[in-house]
Amino acid sequence: MKKSRANLLLFLVAVIWGGGFLFAKVALESGFDAGTVSMFRGLFLMVISFIIFFRHIIKINLRDVVVGLIAGGTNAAGFILQTYGQSLTTTSHASLLTVVYVVFVPIVLWIFYGIRPRLKTVFALILCVLGTLFLTNMLRESEGSSLVGDLIVLAGAVVFGVNMAYLGQSGRESHYGVVAFFMGAVMFVASLIFSFATGGPHFPSAADPVALRRGIISIIYIGLFSTALCQILQVLCQRHTSPVSASVILTLEGLFGSILALVFGFDEFSLNLVVGGLLLTAGVFVQVSEINWKKLFAKRRKKEEKEE
């Protein structure tokens, strides 16, 4: 697969993930708890991966198990934190804060793989921290959104950064279908444990057919499209592009999720949302930019010296 095609498919993943924030909110409001939502994510991914990649899964070796457990563990932790955090905050906050993982990917690559990040990553991190301060309203008293929920989602973003860096580097060692299967299996088990630990599992009441129908439709979208389809595509495409490029493209999920939340009335417009969102977007832009700012300024200085 060419890098351009892999990046295009990752763009599709970002679009579907953006809609996933809305369906996750509907599922939570319908009566599902965060652990159960993540449990269904894992179940769909595990079953569909097994059906499609059965021949590869039955031939797994120890290396596949190790890669799968690490990828699955970080992926499960990220989704559990994201979903649980979203139950305590707004859809726009959850979608925008989640994409901060783009800044953590190069940091993780530096810590664990010795790949030194560029100076722009430091600047991007500063912008993202400022954006988070505005978005979570930490600069003054919180109004409406839960600071705890925002911070939990942010913690999930850090874990997603670890997961994406690992998939881009070590995840290439095993078949993408095997990795996807383990990601689903680990997520299912971890989410089930989390659900019981937090008083669940909880499901929509059969006495409320509207909530039940909305909940089931949301779970199908989240499980089948946002998780099974997208995670298989993510693991596959990350083999044909760089971890940083993949994380950059996938950050568009935050933009789509936030816009859809405002359009469909899930969240209210606020100044903090605009300022925080712009700062986060600026941080992501700085990180994703392919411009070599050091060389650009050097060329500009040389041009000015010649003119003098």
Legend entry - Neighbour net charge for TYR166 - beta-carbon separation under 11 angstrom, K R +1, D E -1: 0
Inset, instruction - Assign one of three labels to segment 1-46, namely rounded, prolate or oblate, based on the Cα gyration tensor with a ≥ b ≥ c the square roots of its eigenvalues; rounded applies when a/c is under 1.5, prolate when it is not and a/b is larger than b/c, and oblate otherwise. - result: oblate
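Using the number of other C-beta atoms within 10 angstrom as an exposure proxy, rank ASP208, ASP33 with the fewest first.
Listed from fewest to most nearby Cβ atoms, that is ASP208, ASP33.
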Inset, instruction - Please work out the FRET efficiency for the pair ASP208 and ARG239, using the Cβ-Cβ distance as r and a Förster radius of 41 Å; give the result to the nearest 0.05. - result: 0.40
Inset, instruction - Rounded to whole Hz and in sequence order, give me ³J(HN,Hα) for segment 175-189 from the Karplus expression 6.51 cos²θ - 1.76 cosθ + 1.60, θ = phi - 60°, writing x for Gly and Pro. - result: 4, 4, x, 5, 4, 4, 4, 5, 4, x, 5, 5, 5, 4, 5
Legend entry - Percentage, to the nearest whole number, of Cα pairs in segment 155-198 over 13 Å apart: 65 percent
Legend entry - Rounded to whole Hz, the Karplus (6.51, -1.76, 1.60) HN-Hα couplings of segment 29-34, x for glycine and proline: 6, 6, x, 6, 8, 4
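Using the number of other C-beta atoms within 10 angstrom as an exposure proxy, rank TRP17, TRP110 with the fewest first.
TRP110, TRP17
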Legend entry - Label-to-label distance, nm, for residues given as SER4 and GLU268 (7 Å Cα→Cβ offset): 4.7 nm
Legend entry - Theoretical FRET efficiency, 1/(1+(r/R0)^6), r = Cβ-Cβ of GLU173 and THR198, R0 35 Å, to 0.05: 0.50
Legend entry - Kirkwood hydrodynamic radius of segment 1-78, Cα pairs, Å: 15.0 Å
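Every number here is computed from the coordinates shown, using simple stated rules; none is lab data. Just so you know, these numbers come straight off a predicted model, no measurement behind them. Here the Cβ is made from the backbone with ideal geometry for all residues, glycine too, and neighbour counts use every protein chain on show.
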